[in-house]
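The block underneath contains the structure these notes are about, expressed in structure tokens.
The values are calculated or read from the model by the stated rules, or taken from the named source; none is laboratory data. Bear in mind that the values here come from a model prediction, so they are computed numbers and not experimental data. Using ideal geometry, Cβ is built from the backbone for each residue, glycine included, and neighbour counts are taken over all protein chains shown. Keep in mind that these areas ignore ligands, DNA and RNA; they rest on the heavy atoms of the full protein, side chains included. Shrake-Rupley method; radii C 1.70, N 1.55, O 1.52, S 1.80 Å.
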Amino acid sequence: MTEQDEPAGRTDGDAFILDIGLSWLASKSAYPMWLSAEDSARFVPPDPVAAQLGPVEGAVGTVHRAVALQIGEDARRLLSSALPDDVLCTVWLGATAGYFDPAAHGLSGREWMARIEQTGTTSVRDADAMFVPPAPQPVTDTDLRRRVMDQIGTVADGLERAADERSLPGLVPALEQVVTGACADLGFRLFLRAMKEYFVPIDENRCEAFTALGESFGYPEFLVDDNLNVVVVG
């Protein structure tokens, strides 16, 4: 998370925050899942790109401010990196289980991240006209990068098989490039989102290791383990 926003455990509606930033946005990709039941009943699908940006536009008013600010921060972390476009596309497809492919709508990975960042900045400015997007603050600590890479390595085979079955080869190497070439924090959250989207099974010990690493990043409670496929043995 950015330095100016402390981890938040609840939204204004007293519901637990289960994710932040781009990984939160990825969890909302399968519209109209992010709509209320009442809105879903009368929902007419708009332009797919606009639908994907809808949660970004409404984030400031519907979730904790830290969630909304982290969207722009995460996008800027990727945009400021030297990661190739195919990596950005692959990790987004992996985090959304392929629900929304920017390329299918004429957008490169960088163009899609730029649209997210611009929409997020506009949304925050609607609530705070003085808001100036800060320079990205990626987590580049060598030890944290190593620890994230170690955890990805423990489940790499299972995650890659699951992604291959959805016609998304190369997901694990792409996630690793985010960790080493952009940000350990964002790379770990996108990895967790992919694990949840593909429902890759892990045991309780692995879940505890993921949770301990999440604590090092100051994640909100339940961000790590919510919806992970934890198999209890015995």
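Measuring with a 1.4 angstrom probe and ignoring ligands and nucleic acids, residue 161 comes out at about 150 Å² accessible. Using the Karplus relation 6.51 cos²θ - 1.76 cosθ + 1.60 with θ = phi - 60°, the per-residue 3J(HN,Hα) values for segment 75-80 come to 4, 5, 4, 6, 5, 7 Hz, with x marking Gly and Pro. For residue 64, nonlocal amide neighbours, meaning residues 5 or more places apart or on other chains whose placed amide H falls under 5 Å from its own, are 12.
Tally Lys and Arg at +1 and Asp and Glu at -1 over the other residues with C-beta under 10 Å from the C-beta of residue 139: what net charge comes out?
On the way: positive: 77, 145; negative: 141, 185.
Every neighbour counted, the sum reads 0.
Using the alpha carbons alone, the radius of gyration of segment 95-231 stands to its Kirkwood radius in an Rg to Rh ratio of 0.99. Karplus-based coupling profile of segment 98-114, in residue order and whole Hz: x, 5, 10, 9, x, 4, 5, 10, x, 10, 6, x, 5, 4, 5, 5, 5, with θ = phi - 60° in 6.51 cos²θ - 1.76 cosθ + 1.60 and x standing for Gly or Pro.
3J(HN,Hα) couplings calculated from phi for segment 143-157 with the Karplus curve 6.51 cos²θ - 1.76 cosθ + 1.60 (θ = phi - 60°) are, in sequence order, 5, 5, 4, 4, 5, 5, 4, 4, 5, 4, x, 5, 10, 4, 4 Hz; Gly and Pro show x.
Ligands, DNA and RNA excluded, the heavy atoms of residue 221 present near 120 Å² of accessible surface to a 1.4 Å solvent probe.
Once you sort the root eigenvalues of the Cα gyration tensor of segment 168-232 as a ≥ b ≥ c, which label holds: rounded (a/c under 1.5), prolate (a/b larger than b/c) or oblate (the other case)? It would help to have the intermediate numbers written out before the result.
Values: a/c = 2.11, a/b = 1.21, b/c = 1.75.
Note, shape of segment 168-232 comes out oblate.
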